[in-house]
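Only one structure is covered here, and it is reproduced in the block below.
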Amino acid sequence: MIRDLFRWSAQDLVVIGVFAAASKVATLLVALAGGGMNPISLIGKNLVFTTLLVVMLCKVRRPGTITLFTTISIIVSMLLLGASITLIPAMMAGALAAEAAMWPCRDSEGVWNCVLGAAVYDIVTKLGSLAVSWLLMRENPAMMLMVVPFVAAGYLGSLGGLFSGVRAVRELRHAGIIRQ
Amino acid sequence: MKIVSEQGHEASSCVLPGRKMFSGVNPRPDEEHSRSFDVRSRMFVTLFSSFFPIAVSSFEGQAVLFDASFLYVLSLRRYRAVAISYAAMLGMMTLAALFTWGISRLVPAMPFSFRSLTVPYLRGAVMLNVILPLALTCRIQELLTALKGLHLPFCIYIPGAVMIRFIPTFMHDIRQVSETLRIRGYDLGFGEMFRHPLMMLRLLFTPLLFRSLRTSEELAVAAELKGLEAGGRFVPFRSPVWRGRDTMLVLLALAAALLALYCQARWGASAVPAMR
């Protein structure tokens with residue numbers, strides 16, 4: 001039974017790949033369109049990311065989806081974008097915590113289990129990224145003080161993304177793109 | 001979208017977006033390919049840079065990494081693109097320095113000094129130096145072939161390949177949606193983004209979400225029709241060639257990293273305290 005749970009179809013894998021790309025490009029574009037790392041663009045960036053995450057989790061209802069999504073993002077970011085290797089523990093911890101939170105209600109068809117997974121992923125990843133920021137800027141603690149409000153602003157966007165994700169899923173179900 | 005010439009080279013429409021953005025005087029594809037490094041060797045260098053600049057915290061060690069990576073980026077001979085990237089990075093660094101200065105005025109216990117910013121900024125510069133060669137010279141098809149060459153599991157290779165292939169399509173979709181909104185009279189300027197951020201997000205994001213889901217369904221059907229499955233055999237469009245210069249590049253990167261670690265061990269303790 002466990003083996004069946006983790007057997008991926010080509011369709012699931014393609015959806016995960018498409019959403020990994022969409023989240024990467026959309027968040028980058030929101031950050032650029034907003035003129036860099038100001039609070040509004042940070043909120044928008046995280047809102048878009050969390051909305052996409054909720055939609056993806058509703059589209060691919062399998063245990064391991066968020067871990068695979070994170071793994072793909074990490075591999076591509078590290079090989080092509082030079083993302084720091086220190087981001088891996090925070091992101092993987094977020095993904096595994098989200099999987100654990102979603103596991104008890106894995107058979108439910110509603111949107112709330114996906115929202116719970118995305119919420120846990122966001123909070124654990126944000127806390128982990130703060131720890132990474134300290135590691136990167138330990139030479140100058142003043143810069144760390146600047147990072148904390150920015151991460152908090154980003155988390156506000158993530159919270160908004162949970163609500164917009166629920167609304168987007170409802171719309172997509174209405175349009176027949178996401179099936180129950 | 002993909003255009004392949006008789007010699008098997010893809011046309012410039014399917015190169016990475018960064019390359020198109022910085023289009024300067026580009027050499028012919030076959031010339032460029034023959035004298036450039038293999039994608040896998042560039043990926044190894046990027047991988048090194050995701051670890052060593054974090055591990056090294058002394059100025060001397062970071063200087064070694066920066067010098068080596070700067071020579072690497074200059075070897076591209078794309079001076080205009082490098083200058084534009086450095087100008088953008090300097091702008092962002094100046095902004096961050098101003099914020100840090102402001103915090104030091106508010107919290108006197110955290111004094112501001114340019115020297116204490118040197119190491120974090122050098123880390124960023126090293127990262128830029130290794131990403132630029134990958135972004136400016138690699139084609140998507142080469143990246144896909146290199147990804148396959150890494151012998152990743154099927155469940156990681158397929159989403160990774162789709163991700164790399166989908167990025168230009170997604171950017172094309174964004175351009176189309178933006179044009180549609182402009183035709184309908186919406187202003188997508190910087191000011192409008194600040195005045196009505198939620199409306200702008202809704203106008204741009206909703207069609208893109210629908211497009212992404214539709215594209216994923218189309219790609220999934222195509223993948224199933226082509227019989228892509230775990231254990232399936234893929235034949236690369238053009239086999240990558242690992243040359244002696246690629247081995248040399250990886251060895252030089254490793255040597256620079258080891259030298260930086262040596263500098264860290266040798267002079268790290270005697271550096272300026274704030275830069276440790």
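Within the range B:151-161, the set of residues being within 20 Å of the chain's Cα centre (by Cα), within 8 Å of chain A (Cβ to nearest Cβ) and open to solvent by 20 Å² or more (accessible area, probe 1.4 Å) comprises B:Ile156 only.
Modelled with pLDDT under 80, within 22 Å of A:Glu171 (Cα to Cα), out of contact with any helix residue (DSSP H, G or I) (no Cβ under 6 Å at 6 or more places or on another chain) and open to solvent by 60 Å² or more (accessible area, probe 1.4 Å): does that describe B:Leu198?
Values: modelled with pLDDT under 80: yes; within 22 Å of A:Glu171 (Cα to Cα): yes; out of contact with any helix residue (DSSP H, G or I) (no Cβ under 6 Å at 6 or more places or on another chain): yes; open to solvent by 60 Å² or more (accessible area, probe 1.4 Å): yes.
Considered against the rule, which asks whether it is modelled with pLDDT under 80, within 22 Å of A:Glu171 (Cα to Cα), out of contact with any helix residue (DSSP H, G or I) (no Cβ under 6 Å at 6 or more places or on another chain) and open to solvent by 60 Å² or more (accessible area, probe 1.4 Å), B:Leu198 comes out as yes.
Only one of the numbered conditions (1) closer than 30 Å to A:Trp134 by Cβ; (2) open to solvent by 20 Å² or more (accessible area, probe 1.4 Å); (3) among the hydrophobic types (A, V, I, L, M, F, W, C) is not met by B:Leu134, and that is (2). The set of residues in the range B:173-195 that are open to solvent by 90 Å² or more (accessible area, probe 1.4 Å) and either farther than 30 Å from B:Ala223 by Cα or within 13 Å of another protein chain (Cβ to nearest Cβ) (or both) comprises B:Arg175, B:Glu179, B:Arg182, B:Ile183, B:Arg184, B:Phe190, B:Arg195. Quick check, is B:Ser116 part of a helix (DSSP H, G or I), within 11 Å of chain A (Cβ to nearest Cβ) and in contact with a Ser or Thr (Cβ under 9 Å, 6 or more places away or on another chain)? So B:Ser116 fits the description; yes.
The values are calculated or read from the model by the stated rules, or taken from the named source; none is laboratory data. These numbers were taken from a predicted model, which means no experiment stands behind them. Reconstructed Cβ throughout: ideal geometry from the backbone, glycine too, with neighbour counts over all protein chains shown. Surface areas here come from the heavy atoms of the whole protein model, side chains and all, with no ligands, DNA or RNA. Shrake-Rupley method; radii C 1.70, N 1.55, O 1.52, S 1.80 Å.
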